[in-house]
Protein chains: 4
Amino acid sequence: MNLAATMPFSTLMGVEVIEATKERIVGTLTVRPELCTAGHILHGGAVMAFADALGAVGAFLTLPDGAKGTTTIESKTNFLGSAPEGSVVTGVATPVKIGKTLSVWQTRLTTADGRDVALVTQTQLVL
Amino acid sequence: MNLAATMPFSTLMGVEVIEATKERIVGTLTVRPELCTAGHILHGGAVMAFADALGAVGAFLTLPDGAKGTTTIESKTNFLGSAPEGSVVTGVATPVKIGKTLSVWQTRLTTADGRDVALVTQTQLVL
Amino acid sequence: MNLAATMPFSTLMGVEVIEATKERIVGTLTVRPELCTAGHILHGGAVMAFADALGAVGAFLTLPDGAKGTTTIESKTNFLGSAPEGSVVTGVATPVKIGKTLSVWQTRLTTADGRDVALVTQTQLVL
Amino acid sequence: MNLAATMPFSTLMGVEVIEATKERIVGTLTVRPELCTAGHILHGGAVMAFADALGAVGAFLTLPDGAKGTTTIESKTNFLGSAPEGSVVTGVATPVKIGKTLSVWQTRLTTADGRDVALVTQTQLVL
């Protein structure tokens, strides 16, 4: 099941989750024109939204027994480089720490030719 | 001119800038179904993307003479509450510090009935 | 009672809390030589530690009934300007949101002549 | 040369840098009583100050030719676990991205028995 695709906003953006285990979530996003800035690069907001979707899948897959769900309580992005219109960005989310109350995930985004796009760190609350 | 609307991704989301001065940028976003999570609340990624758009307008309006543009180098969001599908979220961006090399902006998002949605702090580099 | 002074590290630094209500915590820190960088300005680490102490006092004062305590789960600092050796820095912490599980505090640090030093946003977990 | 030790505040804390290359900075900090909270664990402010010192050494060592120095412009900490009084915390800083204008460093702090203490991400401006 494409977990991210159950999120309407991820569908609108075109996020595809291609691997989802408790240790690693991998997704791709094609930089379509409507996801860009006026300068024809992937909009920073789209960068953050893509990463958030992957980290949230990871938090969901690692919820402790009995938990009802998870919500992002904070997210921090360092923008490292641009992704041009037409390129495909890959995001890889890995857990920093999985706890009973909180989990912390980090997602690294790169272009197909290996250039850095962003590093996103987010905290998920267990509900 | 609707500065945010010159950004295709802001147009896709439906961001509207209703006030834009050097001291304050105000925008609204209607929480349409396609901007939501599976739980019918505004997706965290859309929250961050909306705020980023407003802060970037502020950074653009306060660029020093001779600057070529601005880019977001980092952004931090604290999620404070949810915005339900169908509601309208207002974002107000104000400058924390405007410098020659960097500017820092903060955007507060609230629902029409005054509930907190998020606080976003972002750093813009002068190009 | 000087709440921050019950913290040995705050005592080592010389943090003084001069006002502490549920709405506002104000403290001062004299920039002694041992709190500085090699360049004779307040070390970034001391900036963050000072702010953290004030925000934590605020989180403590606003704990819900029955809570056992509070711990900082994340903290974000934007450095806005330097504080020279010998100056006195004032920090003012105010609540962004006080909830049952989490509270978010923001602390602004300025010099006596009103120049910005830092803006710190931190999340406290209710224990 | 103990670069961090040229910083008076790092000396006050007792930060020791035991490895410093362009790829990796390693330091240790003994959790003395005066670095603690009232609960006898390493104060969050000391955690952040320790990490900041290591990341700044890394940024200094990787400055481009002709640069005058570096300053931390923002720092984000996720607190992952506590370090008890008397323990020794090790910090390992590695570069996320080294650029001409900015560099981003990440420092992971752990106890001697391998438990997570914090993950710190900081941006350094090239001066």
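The numbers here are math on the coordinates, done by the rules we state, and not lab data. The model shown is predicted, which means the values in this text are computed figures rather than measured ones. Note: ideal-geometry Cβ built from the backbone for every residue, glycine included; neighbour counts use all protein chains shown.
In this structure, the amide hydrogen of residue B:126, modeled 1.01 Å from its nitrogen in the peptide plane, lies closer than 5 angstrom to those of B:102, B:103, counting only residues at least 5 positions away or on a different chain. Relative to the longest principal axis of the Cα atoms of chain C, the long axis of helix C:44-61 lies at roughly 30 degrees. Other residues with beta-carbon under 15 Å from the beta-carbon of residue C:17 carry, at +1 per Lys or Arg and -1 per Asp or Glu, a net charge of -2.
Remark: label point of residue B:86 defined 7 Å out from Cα along the Cα-Cβ vector; separations to the same position in other copies 4.4, 6.0, 6.5 nm, ascending.
The 3J(HN,Hα) values that the Karplus relation (6.51, -1.76, 1.60; θ = phi - 60°) gives for the range D:110-124 are, in residue order, 9, 7, 4, 8, x, 7, 6, 10, 6, 10, 10, 10, 9, 10, 10 Hz. Gly and Pro appear as x. For residue D:67, the distances from its label point to the matching points in the remaining copies are 2.1, 3.8, 4.0 nm, ordered from shortest, with each point set 7 Å beyond Cα toward Cβ. Rounded to the nearest Hz, the phi-derived 3J(HN,Hα) couplings of the range B:81-97 under the Karplus curve 6.51 cos²θ - 1.76 cosθ + 1.60 (θ = phi - 60°) are x, 9, 10, x, 3, x, 7, 10, 9, 10, x, 10, 9, 10, x, 8, 7, where x marks glycine and proline.
Backbone amide hydrogens, once placed in the peptide plane, bring residue A:83 within less than 5 Å of A:42, excluding anything fewer than 5 places away on its chain.
Put a dot 7 Å past each Cα toward the Cβ at residue B:30 and residue D:92; how far apart are the dots in nm? About 5.2 nm, to one decimal. What separates the residue A:11 label point from its copies, with the point 7 Å along Cα to Cβ, is 2.4, 6.0, 6.3 nm, written shortest first.
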